[in-house]
1. Note down all Cβ pairs under 8 Å where the first residue falls in the stretch 30-56 and is over 14 Å from residue 69 (Cβ atoms), the second is at pLDDT below 95 and not in a helix (DSSP H, G or I), and they're at least six residues apart or on different chains.
2. Would the stretch 89-100 turn up any residue that is within 16 Å of residue 5 (Cβ to Cβ) and surrounded by 20 or more Cβ atoms within 10 Å (Cβ to Cβ)?
3. Of all residues in the stretch 101-127 being loosely packed, with under 13 Cβ neighbours inside 10 Å and within 18 Å of residue 14 (Cα to Cα), which is farthest from ligand 2 (Cβ to nearest atom)?
4. Working only within the stretch 2-19, note down all residues that are surrounded by fewer than 17 Cβ atoms within 10 Å (Cβ to Cβ) and either closer than 21 Å to residue 66 by Cβ or in contact (Cβ under 8 Å) with a residue 12 or more places away in the chain (or both).
5. Give the number of residues within the stretch 119-139 that are more than 19 Å from residue 72 (Cβ to Cβ), part of a helix (DSSP H, G or I) and in contact with a helix residue (DSSP H, G or I) (Cβ under 8 Å, 6 or more places away or on another chain).
6. Tell me which helices (runs of 4 or more DSSP H) are completely within the stretch 8-118 and hold 3 or more residues being more than 22 Å from residue 134 (Cα to Cα), or say none if there are none.
7. Quick check on residue 77: is it within 10 Å of ligand 1 (Cβ to nearest atom), at negative phi and either touching a helix residue (DSSP H, G or I) at 6+ places or on another chain (Cβ under 9 Å) or modelled with pLDDT of 95 or more (or both)?
Ligand code: ATP
Ligand code: MG
């Protein structure tokens, strides 16, 4: 059976802090294969589209502002059980609750500036991979 995929974004806080390389190394060492990767920056419209599910939440405006403040690293990652295993690797949304050794425990600042995104289902992983990458950009 083909491996599953998940979509990650190394968020503007972690890119600006110079933590992209360490996070990418941790991802590879944890058994994920990189299918696609790029440094890019979300426009306000694209950030609102990506996080549309949260548009009624009180933190939505701040989240869009944060996600557009600087470049991100977007990547498609492949592994058996990719979505669940990657959510385990990144840790809880709030780094205060994230397990030791997780990416958010290591590199997040707070519940908003939390270093990385990970897809929450196989269906959303496919949607989010297509959001960031054309077919010819995936290997
Ligand atoms: P992501 O979707 O980025 O992987 P997540 O699935 O762990 O994170 P979500 O509930 O989907 O968490 O929230 C999306 C993002 O919105 C969070 O990663 C965080 O940056 C921000 N966020 C979530 N909850 C809050 C909050 N209470 N206050 C401020 N920002 C928040
Ligand atoms: Mg989420």
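1. The qualifying pairs are 33/3.
2. Yes: one or more hits.
3. So, considering only residues that are loosely packed, with under 13 Cβ neighbours inside 10 Å and within 18 Å of residue 14 (Cα to Cα), the one farthest from ligand 2 (Cβ to nearest atom) is 101.
4. Listed by number, the residues that qualify are 3, 16, 17, 18.
5. 1
6. So the answer is 12-16, 20-29, 60-67, 82-90, 103-107.
7. Details: within 10 Å of ligand 1 (Cβ to nearest atom): no; at negative phi: yes; either touching a helix residue (DSSP H, G or I) at 6+ places or on another chain (Cβ under 9 Å) or modelled with pLDDT of 95 or more (or both): yes.
Answer is no for this residue.
The values are calculated or read from the model by the stated rules, or taken from the named source; none is laboratory data. As the structure is a computational prediction, the values presented were derived from the model and not from experiment. So basically every Cβ, Gly included, is an ideal-geometry build from the backbone, and we count neighbours across all protein chains shown.
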